[in-house]
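Worksheet: the structure to be examined is printed underneath.
Readers should treat all values here as calculations from the given coordinates under stated rules, not as data from a laboratory. Given the structure is predicted, the values throughout are model-derived calculations rather than measurements. All Cβ positions, even for glycine, are placed from backbone atoms using ideal geometry, and neighbour counts span all protein chains on display.
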Amino acid sequence: MADRFNAVLITRDEEKKQSVSFVEIGEDALMEGDVTVAVEATTVNYKDGLAITGKAPVVRRFPMIPGIDFAGTVIRSSHPEWKEGDKVILNGWGVGETHYGAYAGRARVSGDWLVPLPEGLSVHQAMAVGTAGYTAMLCVMALERHGIAPDRGPLVVTGAAGGVGSIAVALLSARGYEVIAATGRTAEESYLKSLGASEIIPREVLSGPAKPLGKERWAGGVDAVGSHTLANVLSMTSYGGAVAACGLAQGLDLPASVAPFILRGISLLGIDSVMAPKALRLEAWRRIAAELDHDKLATITGTIPFGKVIEAAEDIVAGRVRGRLVVEM
Ligand code: NDP
C-alpha cells in the first residue's frame, strides 16, 4: 500500500533484552500528534547510538522508533502554524525517547515541536547540522551571553572530531575565536585545522584526574565529553571564564573541585537541546543558516542510506564516526 513505509523499531522482551530491526508500518501505527511529516533526512547523533545499542537508557517507552531529529515536508496538519508543503526541522522534545522518532518514512508529532527550515539550508544540510550542530550553536550563544568574546583568549573544544565538536570548531572560528581542539584522533589534525582550529591537543592531556587549579590556558570552551575532561577544562580556564557543557562521551560524572568557581570566578554553563525553548531554537537555527560555512559543513558530513542506520549507530558509540552523518530516506 502506498502509505506504508520502513521504520527502525526497538523492542524489549520480558527479560528487558533490547532488539532492533527494520519493519514496515503504516501511518496508523504512529503516535498522536497534529502534524504528519514526510521525513526526508535524518541523522545519527551520539544519543541515537546510545538508544539503538541500549548502552544508556535513552529509550523510555517500548516499542520505540528511535531518531531524535529529522527534516522533511509537512503532509498533513491541524496545527495553526503549519500547512501541507511546509519544510520543517525537529530536534528533541523526547522524540525517539518517549514519542516515535525520526527513523521512519513518516513522523507524527506536535506542531509545537517544529521549527521552520531556515532559508538557505536544504533538508540535507539541516541534518548535516542536526541536533549535534544545533547544540554546538546553543553552546556558542551561551558563551556569548556570558561575555566570552574573541578578545578574551582562546577557547577549547573537546571531542573536537565528533559532531558537536566539529561544528563548534567551525562556528567559533567563523566568529573570530582562536580555537584549541582536543581530540583522541590526532590523525585528524588537518581536518580540524581546515575547520578553523589553530592548535590541536591530544585527548589524554585532559582525560586523567584534574588538579583543583591548573595553568590558565583558555578563556573557556565547549565540552562534549564530561567527566575528567570537563574537570580539567574547568581547572585550566582563566579568571572569569566560562565553559558550556553539553556532553558525556567520557562519562556522566564530574570529578572536579569547586576551586575554579570560588578562586577564579569561572562559570559552568549547562546546555540542553531537548527541552530548549522555541525562541532559543529559532535563534540558533537562524544563526546556523547565516554563519556556518557551507563548504566546511560539507567537509564535516558523510551521507548514508537509511538501511545503514543501525550499523552507524554502533559506529558512533564506538567513536568511529568523524563529524556528522546524514541519513537519506
Ligand atoms: P560524537 O560521537 O560525534 O562525538 C563525541 C566525541 O567525543 C567523539 O568523536 C570523540 O572525539 C570524543 N570521545 C568519545 N569517547 C571519548 C572518551 N572516552 N573520552 C574522551 N573523549 C571521547 O557525538 P555527538 O557530537 O553527537 O555528541 C557529543 C556529546 O554531546 C554526546 O555525549 C551527546 O550525548 C551530547 N549531546 C548533548 C546534547 C544536549 O542537549 N546536551 C545534544 C547533542 C549531543 P575525538 O575523536 O575528537 O576525541
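Side notes on the structure shown:
- Taking the number of Cβ atoms within 10 Å of each Cβ as an exposure proxy, the fewest-first ranking of K16, K211 is K16, K211.
- When the Gaussian network model of the chain links Cα atoms closer than 10 Å, the mean-square fluctuations of L155, L248, L192 top out at L248.
- Order of T73, T36, T158 under a 10 Å beta carbon neighbour criterion, fewest first: T73, T36, T158
- GNM flexibility winner over the chain from L234, L206, L172 (Cα, springs under 10 Å): L206
- FRET efficiency, 1/(1 + (r/R0)^6) with R0 30 Å, evaluated for M31 and E199 via beta carbons: 0.05
- Cα gyration tensor, the chain - rounded (a/c under 1.5), prolate or oblate: prolate
- Footprinting exposure proxy for M275, M236 (fewest neighbouring C-beta atoms within 10 Å first): M275, M236
- Close lysine pairs were tallied over the chain: pairs 8 or more places apart or on different chains with Cα atoms under 14 Å apart number 4.
- Residue among G133, G221, G240 with the largest mean-square fluctuation in a Gaussian network model of the chain, springs linking Cα atoms under 10 Å: G240
- Helix 163-174 vs. the chain, principal-axis angle (Cα, 0 to 90°, nearest 10): 60 degrees
- Residue-count net charge about W93 - beta-carbon cut-off 11 Å; Lys, Arg +1, Asp, Glu -1: -1
- The mean sequence separation of alpha-carbon pairs under 8 Å and at least six residues apart, normalised by the residue count of the chain, gives a relative contact order of 18 percent.
- Spin-label pair F22/E216, simplified geometry with 7 Å Cα→Cβ offset, distance in nm: 5.6 nm
- In this structure, E314 and I75 have a Cβ-Cβ separation that, at R0 = 51 Å, corresponds to a calculated FRET efficiency of about 0.95.
- Cut-off 17 Å, label 7 Å out along Cα→Cβ of K278, residues of segment 53-75 by amide N: 74
- Shape category assigned to segment 33-160 from the gyration tensor of Cα positions, a/c cut at 1.5: oblate
- Centre separation in Å (Cα based) which lies between segment 198-257 and segment 45-72: 27 Å
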